[in-house]
Structures are given as structure tokens and as C-alpha cells.
Amino acid sequence: MSRRPSRIELLELDIDLRLTDLWQEASEVDEWSLDVVAAFLRAAYGKGYCEALTEESPGSLCEEHGYRIPGRVPLAATER
């Protein structure tokens, strides 16, 4: 990381810290395959999704790193 990290580098670091358990597990994989990579991608997505749902202040990860908090997309009448 550079002497003065960019906001994307700081965001990447924050996300990596949240995925420490998955990084640890990945370091123990002896044989990588598309199935193993797909499993880790699903696990990382699911972990991020769950963390977003349980954040004390929704959108705080974006806000802390200087990114705009995306608005919610209203459901269409047929999707309710």
C-alpha cells in the first residue's frame, strides 16, 4: 500500500479485514478449481450481505470511505 492510500485502497483493506476468516480458509486450500472459487465467491457475497443487514447504521461502510450511499430501489407492484 502506498504511503498515502487512496480511498479505494482503504475500502479494500476494510473489506479484507471483514473477510479474514475466508482468507484463512482459502490459504488452506491445496487444490483450486472453478467449484472451489465459486464457493468462496458465494461465501464472500453472503457474508457481505449479512453484514449489510446487521450494520448498526445502514450504509456506514460507504459513508466511512467517502462513497455515496445508494438509494433503495422500490419494488414494482407485481413483485410485492
I need the calculated FRET efficiency for the pair Glu55 and Ser6, taking r as the beta carbon distance and R₀ as 30 Å, to the nearest 0.05.
0.80
Relative to the Cα centre, what is the charge dipole magnitude of the chain, using +1 at the beta carbon of each Lys and Arg, -1 at the beta carbon of each Asp and Glu, and rounding to the nearest 20 debye?
560 debye
Answer with a single label: of [x] 13.9, 46; [y] 15.1, 51; [z] 16.3, 51, which was calculated as Rg and Dmax of the Cα atoms in Å from the structure in view?
[z]
How much length would be gained if the chain were fully extended between Leu34 and Leu17, taking 0.36 nm per residue of separation minus their Cα-Cα distance, in nm to one decimal?
3.7 nm
For the chain, listing GluC sites (Glu not before Pro) in a DSSP loop whose Cβ sees at most 11 other Cβ atoms within 10 Å gives Glu28, Glu31, Glu55, Glu56
At a 10 Å Cβ-Cβ cut-off, how would you order Cys62, Cys50, fewest neighbours first?
Cys50, Cys62
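Read-outs: derived from the displayed coordinates by stated rules, not from any lab. Keep in mind it's a predicted model, so treat the numbers as computed, not measured. As a convention, Cβ positions derive from the backbone with ideal geometry for all residues, glycine included, and neighbour counts pool all protein chains shown.
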